[in-house]
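Only one structure is covered here, and it is reproduced in the block below.
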Amino acid sequence: MSAKVIGAGAFVVIGALLFTAALFLIGERRMLFDDRFELYTEFAKLGQLEVGAVVRVAGMDAGEVTEVIVPASPADKFRVRMEVRDNLHQLVRTDSIASVQTEGLVGGIFLSIATGSEGAPVVPEKGTIPGREPFVLADVLEQASETFEQVAMTVDKISGDLETTIARVEVATKDAHQLFIDITPQIKSIAENGSRMSADTRQVIAGIQAGEGTLGKLIKDDTLYVRAREVADEAQVAMANVRQVSDEARRAIADFRSEDGPAKGMFAHVRVTLGQTRDVVANMADVTEAMKHNFLLRGFFNRRGYFDLDAISPAQYRAGVLENGKRKAMRIWLGSPVLFQTAASGAEELTDDGRARIDAAITTFLEHLPTSPLVIEGYASDGSEGDRYRVSRQRAGIVREYVLGRFGLTANNTGYIALAGNAVASPSGDHWDGVALTLFIDLEDLKFVPQPRSAGVPAVVSTKVISK
Amino acid sequence: MVERTGLAILAFLGWVGEVSLFGLRAMREAFRPPFEFAEITRQLYEVGWRSAPLIATSGFSIGVVLSMHTRASLERFGAEAMIPAGLTIALIRETGPLVTALLVSGRVGAGIGAELGAMKVTEQIDALEAVAVDSFKYLAVTRIIACILALPILTTITNVCGILGGYLAETSISGMSLELYFSRAFAVVEFSDLIPSTLKTMVFGMIIGTVACYLGFTTTQGTEGVGRTSTRSVVMSSILIILANVVLVRLIFFLFPPV
Amino acid sequence: MNHLRQGSDAHVDAAAHSDGDGPAIRLEGVSKSFADLKVLDDVTLDVAQGTGFCLLGRSGTGKSVTLKHIMGLMMPDAGRVFVHGKNVTELKRQELGEVRRTMGFLFQNAALFDSITVGENVAFPMRRHTDWAEEKILDTAKARLADVGLTEAFDKMPGDLSGGMKKRAGLARAMALDPDILLVDEPSAGLDPITGDEIDELLLGLKKKGTTLVMVTHNIPSARHVADELAMLHEGRIIAHGTAGELDRSDDALVRAFMRSESGG
């Protein structure tokens with residue numbers, strides 16, 4: 001009898017312990033047992049974010065969404081209240097950005113908070129941090145489909161206009177005629193690709209709406225992406241050629257006709273349509289960029305080699321995650337003594353000489369810049385590990401700002417990363433003080449450029465020291 | 001045909017009514033002294049402790065199998081990371097409670113039915129009454145209470161063993177650590193997943209105990225009747241559990257809307 | 001009714017144990033049917049305090065059912081059952097329990113609880129209804145088993161006993177609480193003659209100590225030996241009632257034939 005009593009007791013106790021353990025695991029996940037602070041953010045679109053969703057600070061589980069306050073009018077935003085573990089408070093600064101993200105394919109929606117910058121103050125209790133609007137796949141697909149159709153339409157139009165132009169110009173000048181004939185096949189090919197691509201897009205979107213099968217196709221099948229790239233590339237080449245042609249044609253026509261001739265109007269038209277094409281291509285690049293941030297497509301873009309620099313650690317970066325079989329890093333090392341001087345405020349700033357050096361370096365890359373990502377690597381070799389990291393980050397940031405402003409590069413394609421003191425194969429060995437301008441260039445791209453523009457710079461350079 | 005089906009349905013409803021009254025009486029009696037604590041303990045040992053090995057083994061196997069199935073379906077979406085969570089949710093919300101209840105109705109329901117049936121036909125129940133023991137309280141109430149108490153605990157054991165089984169299946173393929181597995185397993189589980197679905201098994205326990213005791217107490221026709229009671233008790237409690245589950249899940253969704 | 005008086009008059013010493021307010025057991029017009037079968041049909045009888053009463057009859061004539069009515073294990077379709085002047089058909093559960101505590105019941109098949117030992121079976125009523133120390137309970141249980149000659153069976157399970165041993169163990173359990181009234185259903189069935197006689201002596205001894213005995217038996221010599229009064233049930237009715245001598249001289253051939261048989265079935 002007593003053995004039975006013990007058995008019954010053990011049964012109840014074990015059961016209660018296991019159940020409590022499960023409760024505890026849930027409670028721990030929801031951070032019920034930690035000190036927490038309250039925080040707000042705002043979104044115009046919630047992107048399925050709900051009360052109870054996990055909040056992560058710099059990828060670490062940090063708390064949960066406790067309330068979603070519905071706005072009073074359409075103009076206002078949803079206010080999202082969350083509770084975050086106190087021991088992560090110092091990472092959440094006033095410039096931290098909250099964004100809604102999805103975890104895996106069937107995973108929950110969670111709220112991600114990026115750590116703020118060193119200089120910004122810690123966000124106060126019950127403070128509000130800015131929110132980045134959630135990226136919704138459906139929106140992008142819609143946008144993409146519009147874009148693709150626009151490409152097709154524009155390209156059709158260019159093609160038609162050019163045919164007319166050519167026909168007209170033919171009357172005017174034989175030289176110009178010849179030039180237009182040269183470019184016509186390219187324009188036609190753009191038009192064909194454009195329409196093929198929009199058909200593909202429509203198909204893919206219809207598939208996605210129909211069911212999950214095609215979703216996998218979108219992730220795995222890169223036909224669409226390749227098509228888009230091809231069209232964009234061809235459009236660019238064509239644009240350059242057309243511009244050249246139009247210049248020459250204009251000169252020819254100018255000889256032939258004066259101010260109010262019909263030819264000039266036609267060329268103006270050509271320029272406008274080509275301008276539209278360029279806008280469309282840029283638009284597509286933006287969409288592509290947005291797609292890179294969507295988890296569904298992330299794997300796809302990673303495989304293609306496009307990384308979000310925020311998602312790469314310095315260690316990964318040094319290990320060469322951005323390089324692959326086809327893409328190589330091309331570095332130009334610039335030393336800090338030439339580049340920087342210390343301003344009155346104590347912060348570093350670019351010297352005139354430094355600017356000139358950077359200009360010279362970028363010139364080397366110009367041929368590839370529109371298509372290849374440029375990364376400014378910051379290095380610093382003095383002080384503690386923390387100092388080095390901070391200074392290297394500042395340096396990279398300064399140089400990036402300068403490059404962006406000076407050459408009007410797209411921010412999306414121009415990244416920077418702080419690598420503290422440790423460099424891989426720098427001119428001074430395993431460390432560097434200053435920056436390295438690194439172009440990740442596709443070896444295929446190099447083949448298409450018959451001659452580098454500035455003589456003296458070899459076509460393929462893995463390391464080139466400009467100055468120390 | 002229609003008429004016969006109608007009569008069968010009426011008979012079933014009438015039977016359910018009788019069992020319900022029996023169960024209601026048991027609930028009423030449960031709160032009236034004297035309380036048969038010693039007997040409840042003994043029954044908790046029989047129903048709970050002695051079912052634990054069966055439950056643990058089954059839970060473990062279910063965990064392994066569920067893990068393999070979840071892997072097969074989630075792999076297609078490249079969402080292997082969701083396997084622990086998917087498995088845990090499936091186990092805790094539905095598989096654990098239902099499988100436990102059906103297993104217990106097989107082991108314990110049949111046992112109680114046969115035991116009480118045999119006591120009935122050999123006049124042991126009368127003998128209890130003859131020594132001035134309230135047989136209903138002593139035999140039925142204690143067993144029903146033991147079932148009600150044991151089911152949530154057994155369900156918890158199924159869940160835990162299932163998650164462990166899932167872990168073994170997972171780690172043998174991906175080498176995932178126990179810590180990571182558990183953190184992922186509980187990544188999407190809420191209190192509202194665990195508590196209502198575990199507590200609802202008390203209703204299953206009530207059904208198993210009540211049906212088995214009712215059939216045991218109403219056993220006639222000797223040894224043959226005992227066998228029939230044992231079988232009917234499994235069949236009837238299984239049907240009622242599955243039906244009750246539909247209502248309970250609906251109720252839980254109403255009270256705790258799924259996120 | 002008058003012959004019952006006669007029964008109690010015949011045993012003056014037994015009547016002395018009576019508290020004087022009527023019979024220990026009284027059945028008034030009790031009828032009971034199972035489905036279409038009428039098992040008891042308007043049965044009326046009294047059993048005086050401290051006497052031995054024996055119900056005779058062929059198998060299936062409602063003898064065991066009568067015992068169960070006295071115990072309150074069955075409720076009559078019509079009529080009333082009194083034990084110590086209390087109407088058991090109207091008692092609440094708890095009061096019925098109190099009445100039952102003064103009675104012991106030996107079932108036809110002993111009905112030992114087969115999940116506990118023989119010793120625990122005998123100890124069971126004491127555990128339930130006394131606050132005795134464990135030692136006293138076990139000692140008493142052993143003594144009761146010794147009374148029925150089953151000392152060695154204390155630790156055995158009921159399933160390991162023969163039919164006769166079960167019967168004796170059942171009797172030991174029925175006697176556990178020293179009941180005022182002992183209801184025994186075929187105490188000597190399945191026993192060897194010597195053990196049967198020992199059981200009869202035991203019952204006789206209990207009766208001498210003031211216990212009221214109601215016995216169902218087919219064993220006429222045993223009935224003659226133990227009972228002060230006998231009644232014969234046939235087709236749900238009492239067809240004869242009185243002392244053994246009176247039944248021997250009955251007008252009814254069936255009763256006379258029954259009384260002549262040397263041992264029952």
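Values in this text are rule-based calculations from the coordinates and carry no lab data. Predicted model, so just to flag it, every value in this text is computed and none were measured. Glycine gets a Cβ as well: all are built from the backbone with ideal geometry, and neighbour counts include every protein chain shown.
Brief remarks follow.
- Check: chain B dipole with +1 on Lys, Arg Cβ and -1 on Asp, Glu Cβ, in debye: 260 debye
- Residues considered: C:His129, C:His69, C:His241. Largest GNM mean-square fluctuation over chain C, using C-alpha springs under 10 Å, is found at C:His129.
- Distances between placed amide hydrogens fall under 5 Å for A:Phe340 paired with A:Thr351, all partners being 5 or more residues away or on another chain.
- Between C:Thr89 and C:Val81, the built amide H atoms are under 5 Å apart, and every one of these is 5 or more places off in sequence or on another chain.
- Most mobile listed residue (B:Val131, B:Val19, B:Val234) in chain B, GNM with C-alpha springs under 10 Å: B:Val131
- Number of partner chain Cβ atoms within 10 Å, mean per residue of C:103-111: 4
- The stretch C:149-155 - phi-based ³J(HN,Hα) in whole Hz, Karplus 6.51/-1.76/1.60, Gly and Pro as x: x, 10, 3, 6, 8, 3, 8
- Shielding of peptide B:189-199 by partners, expressed as the average count of other chain Cβ atoms within 10 Å per residue Cβ, is 3.
- The phi-based Karplus calculation (6.51 cos²θ - 1.76 cosθ + 1.60; θ = phi - 60°) puts the 3J(HN,Hα) values of the stretch A:382-395 at 9, x, 6, 4, x, 4, 4, 5, 4, 5, 5, 5, 4, 4 Hz, whole numbers, x for Gly and Pro.
- Sites A:Ala360 and A:Asp387, calculated FRET efficiency, Cβ-Cβ separation with R0 35 Å, nearest 0.05: 0.75
- On the beta carbon distance between C:Ala257 and C:Glu135, with R0 = 51 Å, the FRET formula returns roughly 0.45.
- Mean ellipticity per residue at 222 nm, deg cm²/dmol - from DSSP H runs of n ≥ 4 across chain B, formula -39500 (n - 2.57): -25500 deg cm²/dmol
- Taking amide H atoms as placed 1.01 Å from N in the peptide plane, the amide H of C:Asp77 lies under 5 Å from those of C:Ser31, C:Lys32, C:Ser33, each 5 or more residues away in sequence or on another chain.
- For the stretch B:55-131, trypsin sites (Lys or Arg not before Pro) meeting the loop criterion (DSSP other than H, G, I, E, B) and having at most 15 other Cβ atoms within 10 Å: B:Arg76.
- Efficiency of FRET between B:Met1 and B:Val247 - r from beta-carbon atoms, R0 22 angstrom, step 0.05: 0.15
- Relative protection proxy for C:179-192, C:91-104, from highest mean packing down: C:179-192, C:91-104 (other beta-carbon atoms within 10 angstrom).
- Residue of C:Ala123, C:Ala231, C:Ala35 that the Gaussian network model of chain C assigns the largest fluctuation, springs spanning Cα pairs under 10 Å: C:Ala35
- Remark: mean inter-chain Cβ contacts per residue of A:2-13 equal 6, using a 10 Å Cβ-Cβ cutoff to other protein chain atoms.
- Pair C:Arg127, B:Glu18: separation of 7 Å Cα→Cβ label points (nm): 3.2 nm
- Exposure proxy ranking, count of Cβ atoms within 10 Å, fewest first, for B:Cys161, B:Cys147: B:Cys161, B:Cys147
- Likely footprinting exposure, A:Tyr40, A:Tyr379, B:Tyr181, fewest C-beta neighbours within 10 Å first: A:Tyr40, B:Tyr181, A:Tyr379
- Taking other Cβ atoms within 10 Å as a rough exposure proxy, B:Asp193, C:Asp252 sort from fewest to most as C:Asp252, B:Asp193.
- When the listed pairs C:Lys136/C:Lys208; B:Lys137/C:Lys136; A:Lys4/C:Lys207; C:Lys86/C:Lys209; B:Lys137/C:Lys86; C:Lys32/C:Lys207 are checked against a 32 Å cut-off, the alpha-carbon distance exceeds it for A:Lys4/C:Lys207.
- Residue by residue, the stretch B:202-214 carries 3J(HN,Hα) couplings of 4, 5, 4, x, 4, 5, 4, x, 5, 4, 5, 5, 4 Hz when phi is fed to the Karplus relation 6.51 cos²θ - 1.76 cosθ + 1.60 (θ = phi - 60°); x denotes Gly or Pro.
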